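Reviewing the structure listed below.
The values are calculated or read from the model by the stated rules, or taken from the named source; none is laboratory data. Predicted, not measured: the structure shown is a model, and the values here were computed from it. As a convention, Cβ positions derive from the backbone with ideal geometry for all residues, glycine included, and neighbour counts pool all protein chains shown.
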Amino acid sequence: MQNVSALRVDAGAPAQFPVPANCYAETVVSVKHYTDRLFSFRITRPQAFRFRSGEFVMIGLPNAEKPVFRAYSIASPSWDDEIEFFSIKVLDGPLTSHLQKIQPGDTVLMRQKSTGTLVLDALMPGKRLFLISTGTGIAPFASVARDPETYEKFEQVILTHTCRDHLELAYGEELLARVNDDPLIGEMAAGRLSLYSSTTREITPRMGRITRLIESGKLYADLGVAPLDPTTDRVMICGSMHMLKDVKELVESLGFTEGSNAKPAEFVVERAFVG
Ligand code: A2P
């Protein structure tokens with residue numbers, strides 16, 4: 001059985017723990033801290049690991065005999081040779097309190113099987129794809145927005161990201177720049193992917209919860225697009241429990257029905273995970 005070293009054991013030799021069954025032990029390639037609440041990191045990708053853009057996977061640290069695992073949306077697209085995650089930092093979170101300290105060269109455990117509903121397969125064909133996110137809920141959409149299949153299936157992709165303050169919007173802004181700079185996806189997404197960000201606590205040029213921006217029609221007016229319509233549009237939603245409930249109710253009131261892998265329909269939801 002493979003053993004891996006725990007992180008940052010100050011005195012003596014690092015403790016060794018076995019890699020749990022059905023887990024990959026991968027190496028941290030890079031870490032980027034955005035704020036005192038948010039960071040992203042990239043790990044090596046196991047050769048055999050396959051996933052669909054938008055799915056999540058369980059990750060943990062090799063710091064105990066029975067490590068704590070939490071669900072993390074994969075933020076990188078399925079063609080990428082590394083795996084990217086975007087995470088919240090919770091001071092006393094059983095995983096994130098340790099995970100936020102990782103550095104390049106450290107080991108992260110990742111369970112071998114990914115799953116999730118924020119996948120193109122769970123949506124019926126349509127013309128426009130709305131990706132509605134708050135906070136770290138943007139992570140699965142960072143994957144979907146970089147997948148060529150998204151642009152094969154949809155004419156227009158509108159990604160919304162709402163956070164408390166403007167520094168928390170940086171990951172989404174960088175994502176857009178990375179899409180535009182990518183030789184393959186940049187060309188496919190040109191003029192078809194828009195990012196619509198807003199803040200709710202810090203005063204910025206565009207403020208408001210996404211529910212209000214949709215209900216008031218401001219989202220449509222700002223982007224110069226037609227209102228959400230279940231005959232042409234598909235919606236993916238990812239954020240906190242309250243956000244999911246409110247956005248789900250809103251799109252249902254507009255006539256959208258919820259889909260799943262087993263029964264594709266007009267919108268899908270998934271909780272942005274914290275831990
Ligand atoms: P608000 O500042 O008004 O709570 P968090 O960081 O707490 O997960 O929140 C991320 C963003 O989601 C914040 O801008 C927050 O707005 C917003 N938000 C929280 N609850 C809802 C909800 N029920 N519907 C829409 N947006 C929400």
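Of note:
- Residue check for TYR220: of a type in the set (Ser, Thr, Tyr), away from the ligand (no atom under 11 Å from the Cβ) and crowded, with 21+ Cβ neighbours inside 10 Å: no
- The number of residues in the range 145-163 that are surrounded by 24 or more Cβ atoms within 10 Å (Cβ to Cβ) and of a type outside the set (D, E, K, R) comes to 7.
Every residue, every condition in (1) under 12 Å from the mean Cα position of the chain (by Cα); (2) outside any strand (DSSP E or B); (3) at pLDDT 95 or above; (4) under 22 Å from SER260 (Cβ atoms), yes or no:
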{"site": "GLU84", "(1), (2), (3), (4)": "yes, no, yes, no"}
{"site": "ASP92", "(1), (2), (3), (4)": "no, yes, no, no"}
{"site": "GLY126", "(1), (2), (3), (4)": "no, yes, yes, yes"}
{"site": "PHE130", "(1), (2), (3), (4)": "no, no, yes, yes"}
{"site": "GLU149", "(1), (2), (3), (4)": "no, yes, yes, yes"}
{"site": "HIS161", "(1), (2), (3), (4)": "yes, no, yes, no"}
{"site": "LEU184", "(1), (2), (3), (4)": "no, yes, no, no"}
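- Out of ARG206, ARG178, ARG192, sole residue that is farther than 16 Å from ALA145 by Cβ and either within 12 Å of the ligand (Cβ to nearest atom) or not hydrophobic (A, V, I, L, M, F, W, C) (or both): ARG206
- The one condition from (1) of a type in the set (S, T, N, Q); (2) touching a strand residue (DSSP E or B) at 6+ places or on another chain (Cβ under 6 Å); (3) under 22 Å from CYS23 (Cα atoms) that THR134 does not meet is (3).
- Among residues of the range 50-82, those that are assigned to a loop (DSSP other than H, G, I, E, B), acidic (Asp, Glu) and touching a strand residue (DSSP E or B) at 6+ places or on another chain (Cβ under 8 Å), counted: 2
- Every residue from the range 241-275 that is without any contact (Cβ under 8 Å) to a residue 60 or more places away in the chain, more than 16 Å from the ligand (Cβ to nearest atom) and surrounded by 15 or more Cβ atoms within 10 Å (Cβ to Cβ): PHE256, GLU258
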